[in-house]
Structures are given as C-alpha cells and as structure tokens.
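The values are calculated or read from the model by the stated rules, or taken from the named source; none is laboratory data. The model shown is predicted, which means the values in this text are computed figures rather than measured ones. So basically every Cβ, Gly included, is an ideal-geometry build from the backbone, and we count neighbours across all protein chains shown.
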Amino acid sequence: MENIVYTYDKTVYLNITNACPCNCEFCVRHNTDGLGDMGSLWLDHEPSMTEIKEAIDAFDWDGITDAVFCGFGEPTCALDKLLETAKYLKETRGVKIRLNTNGLSDLIHHSTDSAERMAGLIDSVSISLNASDAEKYDAIVHPSFGLQAFDAMIRFTKDCQKYIPKVKMTVVDTIGEEEIEKCQKLCRDNGIDLRVRKYIP
Ligand code: SF4
C-alpha cells in the first residue's frame, strides 16, 4: 500500500490505521484527504504487518533519522502493529521514533500498560491535551468513552513519563488565552511539558 509511509515538511510519517474513537472538532480529516506528498491518507483497508513492512522497505530511508507515527487515525488503535513497526524500524533503519497520540490507548484496549509496552521502542510521545477539564475535552474531542477519557489521557501521560524519554502534551492556540493558561497550570502541576501549537486548518 502506497499511503502508509509519507513525508511532510521533510519529516517521515507512518499512517498505519484510519481507526479512531474520537471526532475532534479540528481533526485534519474534516478539511483534507491528504498531507505532504500523499494525495490521500485514507487507507482502503487496515494494513497488515506485512503490508506495513513492505511500505517501509519500499521507502528510501537514506539520511532519515526520525519517523513519526501520525496519520489519518489514532496510531494506538493498532497498538500491536505500532510496536512491531517501531521495533522493525529501530532494528533495520536505526531511526528515532515519535508517537503523536490522543492518549486513550488504555481505554481503547481495556488495559493499563500501553505506556509500559512502549518502553525502548518509542523515543518521544506527544499527547493531545486539547482542554483543561473533562467537560471541555468532551465537547472538543467527542471521545466514544465519554467523560472518563480526560482522566485516562492524563494517567497515560504520567505513565509515559516512566517509560518514554521525552513526553509532552499539546494544545492548539485557538482554544483561547484563559483555557491555554488553565492547561499550562494543569501541566505544571503534573510536571508535564506543554507545547501550544499553531492551529493549521
Ligand atoms: S484523535 Fe486525532 S485522528 Fe482522532 S478525531 Fe481527533 S484529531 Fe482526528
């Protein structure tokens, strides 16, 4: 499959699933079908591990030092494949691996050990905080899990701090100054780095 590995702004991304339990107001999928050099990031089926490895092998990794799991879906929906892919990339290409995630892997998999399983495979993780409390989060992200999603996402982030070298949360700058300040306080209180990123429609 051709749209599993793509590049955007000189970074290599891995689009391993279109599944997601959320429907974020600002999800890039609402506005476009593709990103970077890829016309469409909609997969015609959820790729098998063989197809993911074939896509990696078909890509020219010369000079590439980093790869990011981020596509038209939540990468941890395919957690087993995500971890196997990260292992394969580390062993065969020696690249550093970043994961962009909604932080809901434990809810998705009815588990508590998603972050622990990433130890040694994921070098940095970026988790979308989106809002400062459960109600506001629910109104923006619309997770299928309801209000419990916010606390689960914070718990996952704290777990990541035990197992992953670099952990940060992000919010987009369109949520308003007051809300950004609340998110900054929440992250400060929990010892988590926060990046306020520009919203790109
Ligand atoms: S979690 Fe990511 S893929 Fe899922 S709806 Fe939100 S922005 Fe889109």
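Key figures for this structure:
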quantity: Considering residues of the range 160-196 that are of a type in the set (D, E, K, R) and in contact with an Asp or Glu (Cβ under 7 Å, 6 or more places away or on another chain) only, the residue farthest from Pro143 (Cα to Cα); calculated: Lys166
quantity: Failed item, numbered, when Asn18 is tested on (1) part of a loop (DSSP other than H, G, I, E, B); (2) over 23 Å from Ala149 (Cα atoms); calculated: (2)
quantity: Sole exception among (1) buried (at least 19 other Cβ atoms within 10 Å of the Cβ); (2) within 15 Å of the ligand (Cβ to nearest atom) for Val12, by number; calculated: (2)
quantity: Options Asp80, Asp106; residue that is buried (at least 16 other Cβ atoms within 10 Å of the Cβ), acidic (Asp, Glu) and closer than 23 Å to Lys158 by Cα; calculated: Asp106
quantity: Count of the range 15-26 residues which are surrounded by fewer than 16 Cβ atoms within 10 Å (Cβ to Cβ) and either charged (D, E, K, R) or in contact with a Ser or Thr (Cβ under 6 Å, 6 or more places away or on another chain) (or both); calculated: 1
quantity: Selection count where residues are under 18 Å from the mean Cα position of the chain (by Cα), among the charged types (D, E, K, R) and over 13 Å from Thr17 (Cβ atoms), scope the range 58-83; calculated: 1
quantity: Some residue of the range 74-82 being closer than 24 Å to Thr32 by Cα, part of a strand (DSSP E or B) and touching a helix residue (DSSP H, G or I) at 6+ places or on another chain (Cβ under 6 Å); calculated: no
quantity: Subset of the range 27-68 that is modelled with pLDDT of 95 or more and assigned to a strand (DSSP E or B) - its residue that is farthest from the ligand (Cβ to nearest atom); calculated: Asp66
quantity: Verdict on Ser132 being modelled with pLDDT of 95 or more and touching a Lys or Arg at 6+ places or on another chain (Cβ under 6 Å); calculated: yes
quantity: Among the candidates Ala115, Ala134, Ala119, residue that is among the aliphatic types (A, V, I, L, M), under 19 Å from Gly73 (Cα atoms) and free of Cβ contacts under 8 Å to residues at least 60 places away in the same chain; calculated: Ala115
quantity: Scope the range 82-107; condition within 16 Å of the ligand (Cβ to nearest atom) and within 24 Å of Lys10 (Cα to Cα); matching residues; calculated: Leu82, Arg98, Leu99, Asn100, Thr101, Asn102
quantity: Which numbered condition Gly71 fails, given (1) of a type outside the set (Ser, Thr, Tyr); (2) within 11 Å of the ligand (Cβ to nearest atom); (3) surrounded by 14 or more Cβ atoms within 10 Å (Cβ to Cβ); (4) modelled with pLDDT of 95 or more; calculated: (4)
quantity: Close pairs from the range 3-31: first farther than 20 Å from Val95 by Cα, partner surrounded by 14 or more Cβ atoms within 10 Å (Cβ to Cβ) and of a type in the set (Phe, Trp, Tyr), Cβ under 6 Å, at least 6 apart; calculated: Asn18/Phe72; Arg29/Phe72
quantity: Looking only at the range 27-58, and only at residues there that are surrounded by fewer than 17 Cβ atoms within 10 Å (Cβ to Cβ) and hydrophobic (A, V, I, L, M, F, W, C), the one that is farthest from Leu104 (Cα to Cα); calculated: Ala58
